[in-house]
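The values are calculated or read from the model by the stated rules, or taken from the named source; none is laboratory data. It should be emphasised that the depicted structure is a prediction, and the values quoted were computed from it without experimental measurement. Cβ coordinates were reconstructed from backbone atoms using ideal geometry, including for glycine residues, and neighbour counts include every protein chain displayed.
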Amino acid sequence: MHYLDHAATTPMHPEVWEAMRPYALDVFGNPSGSHEVARRAKNALEEARERVAATIGGEPGEIIFTSGGTEADNLAVQGTVLAADDGGLVTTAIEHEAVLESAAFLESLGREVAVVDPGENGIVGPAALIDSIQPNTALVSIMMANNETGIIQPISELGALFRSRGIDVPIHTDAVQAFSSERIDVGQLGIDMLSLSGHKIGGPKGVGILWVRRGLRVEPVIHGGGQEMGRRSGTSNVMGAVGLAVAMELASADRTRFRRRIATERDAFEEKLSDLVPGLSVTGAGLPRLVSHSHVRFPSLDQQTALIRLDRAAVAASAGSSCASGAANTSHVLLAMGMGVTEARTALRFSFGWTTAVGEGEQAAQVVSGAIRGH
Amino acid sequence: MRVMVAMSGGVDSSVAAAMMVEAGHEVLGVTLKLWAGPAGELPTAGCCTVSDAEDARRVAAQLDIPYYVLDYTEPFMSEVVGRFVREYTEGRTPNPCIECNRTVKFERLLGHALELECDALVTGHYARVRRDGDGWHLLRGVDRTKDQSYVLSMLGQAQLSRTMFPVGEQTKQETRLIAERLGLRTAGKPDSQDICFVGHADYRGFVRARAPAAVVPGPIVDPTGAELGRHGGVIDFTIGQRKGLGMAFGTPRYVLDIDASTATVTIGPRSGLLRSSVEVTNMSFVAGHPPADGEPLMVQVRYKGDGAAATISSRDDDWLVSFAEPQPGIAPGQTAVAYRGDEVIGGGLIA
């Protein structure tokens, strides 16, 4: 069995699971109460918040715990744009659906939304984003690295340009895919909001964060008891927050080693696969790319057939984008990069992660190549 | 054998999959995504909806077989839906299920199954496949009330040699009993009766929305050509139709003819519906060759019913079906299927 779909999700680190266990049966309180049981839970939540903030160079009061990356994106996009009277949004065509569907929702409410295309290489140019900014633009949202292709976007360059030109518009970045391998320091990046998700980094599913720079107002999307300083209601997921904190600490501490190890496997995978499959194209080769991602296009192979063959060969991979039914979708990211539908449908995404074994890259390439040919 | 089962989420295909598993085959379950909502999602009404795919997925899990959803929205749109709309605007009455079987299921999906090293494609249709010294035969299903051989009449030797219809060997009642015995969640699910992409909606609205320019008003005339009234589009009518003519008469009136080129609908008495022969195009024969000239057969010109005694003979590039007794309500665009007893001889399009 080769699990090459870490970009979809990852198993929890054993340490994360161990750290979470006490919160199921023992420290089970609702942090919003006024008794000792509640206090213990509240303390754990706030300690988790501090630990999370520390891993990204932010302050505890800037952390909003959410149910995951999708919710964080929804909150970032809707929460800032709707907080501004006539606010509009500038975003990119390669964003995750959580951002693009939130943008579509804003449009349906009558707000202006500009969607900037990447270049053919999959990178969105800062100039193109800046050109789209209007007087009423309330937010620019651009992901740190694309979840399908792994191609890294020029976030700190954008932040620096905004500063040097005195552009006042907040920048949100979805860093869900990037956290394991890319260093995140919100001060250095020059951004104003950041989305992260637990289950992409060996943490639990159902929890994530939106980091919001102090002073930036965000209207809640989820209304209710006023938790998270009125910005995100709902009984706090203490267990999830604790698990997330541990996962983020593990990822930060291990980053250099992780990058080296995973890059080795990913590169070995691509080298071997290119040997075995003539005509293979690697998306984003030579460009800044996440070390975890190997997005390839097979010459004249339908991705649906390929995925079934891979599944029969016990290889878990992805077409990069799917619909609720599980059928593979034609990727909006690849289409935005100027690829035709036929070519986009030959694309497969293989992604490596913390459970990838040494030597697995090359091994997996053999199995993948054999499976694709129908052996 | 390794087989692919096309699972619609209904009880018939669920049981077909179960029977294949019980027979010891390696089974892959697939659902075809044929139709997408505006944002590309599965529809929530009609057939093959998100919940139907979920039902199929759950049954696959109960049977412990792998399950995939295949996106066939593009070919379905061009080959089935596009054709459906075109046929109506040209004054004919299409049967999209036959086109879907012809192109999407037994050409593309069958090809896909073979490409994935499957030995056969299995569906939940009520029909039977037999093989003897003369080759492959397609027969009506055991349960005459559920027989679907009519919509499978386009199959030939190549397809039949790679197709299996396990539920065709039993009654619908027996199929449901198997589903209950196995505790399949679809055991009590009612059958879908509508065209899968139209659902409960009316086909007229569907066609109008997709070909507004082609739906032109015109005259309703009697057989002499005298104008009796006006209509809002030939797509609202089908040959043999009695209701919805927009006017009342002493004796019943039926749609006798539809001429899309002049947007004229001709109505008249039932006697005007009777035809003793009909031309059939694109005829295919299961055996790969036609039956003997003049052999007495039964020909069905619609899905339901036993058909009527007829013979078929070739005429130029097409075929002529000659009925022993004149038949009413023969609608161009429908399929004529010839039977020898329970066996399908072949089928073609009524011109």
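Remarks
- Filtered by the rule that a residue be farther than 22 Å from B:Y203 by Cα, facing chain A (nearest Cβ under 10 Å) and of a type in the set (D, E, K, R), the stretch B:53-97 gives B:E54, B:R57, B:D71.
- Screening A:F352 on (1) in contact with a Lys or Arg (Cβ under 6 Å, 6 or more places away or on another chain); (2) at pLDDT below 95; (3) not charged (D, E, K, R) shows it passes everything except condition (2).
Per-residue answers, yes or no, for (1) under 14 Å from the mean Cα position of the chain (by Cα); (2) within 21 Å of A:M144 (Cα to Cα); (3) crowded, with 23+ Cβ neighbours inside 10 Å; (4) touching a residue at least 12 places away in the same chain (Cβ under 8 Å):
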{"position": "A:I209", "(1), (2), (3), (4)": "yes, yes, yes, yes"}
{"position": "A:I222", "(1), (2), (3), (4)": "no, no, no, yes"}
{"position": "A:E228", "(1), (2), (3), (4)": "no, no, no, yes"}
{"position": "A:T235", "(1), (2), (3), (4)": "no, no, no, yes"}
{"position": "A:R255", "(1), (2), (3), (4)": "no, yes, no, yes"}
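- Odd one out for B:T171, checked against (1) crowded, with 17+ Cβ neighbours inside 10 Å; (2) in contact with an Asp or Glu (Cβ under 6 Å, 6 or more places away or on another chain): (1)
- Evaluation of B:R86 against (1) in contact (Cβ under 8 Å) with a residue 60 or more places away in the chain; (2) surrounded by 20 or more Cβ atoms within 10 Å (Cβ to Cβ); (3) of a type in the set (K, R) (one fails), failing number: (2)
- Top-ranked residue of the stretch B:96-125 - restricted to ones that are touching a Phe, Trp or Tyr at 6+ places or on another chain (Cβ under 9 Å) and polar (S, T, N, Q), ranked as modelled with the highest pLDDT: B:T123
- Yes/no for A:G58 being part of a loop (DSSP other than H, G, I, E, B) and surrounded by 20 or more Cβ atoms within 10 Å (Cβ to Cβ): yes
- Residues in the stretch B:113-144 that are outside any loop (DSSP other than H, G, I, E, B), over 22 Å from B:V27 (Cβ atoms) and not hydrophobic (A, V, I, L, M, F, W, C): B:R130, B:D132, B:G135, B:H137, B:R140.
- Of all the numbered requirements in (1) touching a residue at least 60 places away in the same chain (Cβ under 8 Å); (2) farther than 20 Å from A:A145 by Cβ; (3) not in a helix (DSSP H, G or I), A:A48 misses one, and that requirement is (3).
- In the stretch B:319-333, residue surrounded by the most Cβ atoms within 10 Å (Cβ to Cβ) [restricted to those that are of a type outside the set (G, A, S) and over 14 Å from B:Q300 (Cβ atoms)]: B:W319
- Annotation note: of B:P223, B:P219, the sole residue that is part of a loop (DSSP other than H, G, I, E, B) and either at pLDDT below 95 or not charged (D, E, K, R) (or both) is B:P223.
- The residue of the stretch B:229-280 that is modelled with the lowest pLDDT, among those that are in a strand (DSSP E or B), closer than 21 Å to B:L320 by Cβ and touching a Gly at 6+ places or on another chain (Cβ under 7 Å), is B:L256.
- Tally, over the stretch A:23-45, of residues that are surrounded by 15 or more Cβ atoms within 10 Å (Cβ to Cβ) and either of a type outside the set (A, V, I, L, M, F, W, C) or not in a helix (DSSP H, G or I) (or both): 7
- Test for A:L106: is it within 23 Å of A:V176 (Cα to Cα) and free of Cβ contacts under 8 Å to residues at least 40 places away in the same chain: yes
- When every residue of the stretch A:275-291 is checked against the conditions, none turns out to be part of a helix (DSSP H, G or I) and either surrounded by 20 or more Cβ atoms within 10 Å (Cβ to Cβ) or touching a strand residue (DSSP E or B) at 6+ places or on another chain (Cβ under 6 Å) (or both).
- The stretch A:309-326, subset touching a Phe, Trp or Tyr at 6+ places or on another chain (Cβ under 8 Å) and within 9 Å of chain B (Cβ to nearest Cβ), residue surrounded by the fewest Cβ atoms within 10 Å (Cβ to Cβ): A:D311
- For the stretch A:331-343, residues that are modelled with pLDDT under 95 and surrounded by 23 or more Cβ atoms within 10 Å (Cβ to Cβ) total 1.
- Those residues of the stretch B:144-161 which are free of Cβ contacts under 8 Å to residues at least 12 places away in the same chain and either surrounded by 14 or more Cβ atoms within 10 Å (Cβ to Cβ) or not basic (K, R) (or both), in sequence order: B:A158
- Unique residue being more than 26 Å from B:I178 (Cα to Cα) and of a type outside the set (S, T, N, Q) when the list is B:V104, B:V129, B:V122: B:V104
- Residue check for B:C100: more than 14 Å from chain A (Cβ to nearest Cβ) and surrounded by 21 or more Cβ atoms within 10 Å (Cβ to Cβ): yes
- Among the residues listed as A:A263, A:A306, A:A268, the single one being part of a helix (DSSP H, G or I) and either within 14 Å of chain B (Cβ to nearest Cβ) or over 22 Å from A:S180 (Cα atoms) (or both): A:A306
- Residues being free of Cβ contacts under 8 Å to residues at least 24 places away in the same chain and surrounded by 19 or more Cβ atoms within 10 Å (Cβ to Cβ) - total across the stretch B:255-270: 1
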